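Trainee: Please find one structure pasted underneath; my questions will follow.
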């Protein structure tokens, strides 16, 4: 589990194809200090497991499902990416609950300056529109952000200068693809609602309906 608060901007050191997957090595000056093999790290919003580590870099292996659903398959050596280690229980939750499970790929439509901030319009597959809520949380390339406006299959976010500078969002240009993860709470509510529509009782309802002992 992550928070969407980026700890470091890493750089892709090398990519090696391995039977349909990719072994990706990332350089980082910040998060490698206490990183261990088997730790989880968010790479542009995609949760990956550390399989090798040195003092200055670490390696993950992105499997086929990750390649299909995210932009990791398009990574190139030298590319800058957002990095975040898994959150610790007891830490402040500065962003929102992020699983690191990419739902789909979006594309930057426009980037507009407004005062000190930036306004980004991002388009995405229309079937995910039910998860986008104005003033709701969304994760873009691993960054916790807030939806400002929603129109059909696109949404707008407003980015403050600090976030623009301290993440790879400042590298975005029109047409670039980004990883999107929608709020987990909305997805669970949808699942429970669908279960209710089949007239199946939830675990809580089954417990309530049990006769007294």
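The values are calculated or read from the model by the stated rules, or taken from the named source; none is laboratory data. These numbers come from a predicted model, not from an experiment. Glycine gets a Cβ as well: all are built from the backbone with ideal geometry, and neighbour counts include every protein chain shown.
Trainee: Return the residues of the range 98-119 that are over 27 Å from residue 62 (Cα atoms) and in contact with a helix residue (DSSP H, G or I) (Cβ under 8 Å, 6 or more places away or on another chain); say none if nothing qualifies.
Mentor: 116, 117, 118, listed by residue number.
Trainee: Determine if the range 33-49 includes at least one residue that is outside any strand (DSSP E or B), within 18 Å of the chain's Cα centre (by Cα) and either without any contact (Cβ under 8 Å) to a residue 12 or more places away in the chain or farther than 27 Å from residue 94 by Cβ (or both).
Mentor: Within the range 33-49, none of the residues are outside any strand (DSSP E or B), within 18 Å of the chain's Cα centre (by Cα) and either without any contact (Cβ under 8 Å) to a residue 12 or more places away in the chain or farther than 27 Å from residue 94 by Cβ (or both).
Trainee: Within the range 75-97, can you find the residues that are at pLDDT 95 or above and touching a helix residue (DSSP H, G or I) at 6+ places or on another chain (Cβ under 9 Å)?
Mentor: Selection gives 79, 80, 81, 82, 83, 84, 85.
Trainee: May I ask you to list pairs of residues, at least six apart or on different chains, whose Cβ atoms are under 8 Å apart, with the first in the range 84-98 being under 22 Å from residue 50 (Cβ atoms) and the second being in a loop (DSSP other than H, G, I, E, B) and modelled with pLDDT under 90?
Mentor: Here the result reads 87/93, each pair linking the range 84-98 to a residue that is in a loop (DSSP other than H, G, I, E, B) and modelled with pLDDT under 90.
Trainee: Looking only at the range 143-175, which residues are exposed (fewer than 15 other Cβ atoms within 10 Å of the Cβ), under 10 Å from residue 121 (Cβ atoms) and touching a strand residue (DSSP E or B) at 6+ places or on another chain (Cβ under 8 Å)?
Mentor: Answer for the range 143-175, where residues must be exposed (fewer than 15 other Cβ atoms within 10 Å of the Cβ), under 10 Å from residue 121 (Cβ atoms) and touching a strand residue (DSSP E or B) at 6+ places or on another chain (Cβ under 8 Å): 149, 174.
Trainee: When the residues of the range 115-126 are narrowed to those that are under 11 Å from residue 158 (Cα atoms) and within 18 Å of the chain's Cα centre (by Cα), which ends up surrounded by the most Cβ atoms within 10 Å (Cβ to Cβ)?
Mentor: 120
Trainee: Look through 15, 105, 122, 111 and report the one residue that is at pLDDT 95 or above, over 30 Å from residue 185 (Cβ atoms) and touching a strand residue (DSSP E or B) at 6+ places or on another chain (Cβ under 8 Å).
Mentor: When all the criteria are applied, what remains is 15.
Trainee: For residue 112, work out the one condition from (1) part of a strand (DSSP E or B); (2) without any contact (Cβ under 8 Å) to a residue 40 or more places away in the chain; (3) under 18 Å from the mean Cα position of the chain (by Cα) it doesn't fulfil.
Mentor: Just one mismatch for residue 112, condition (3).
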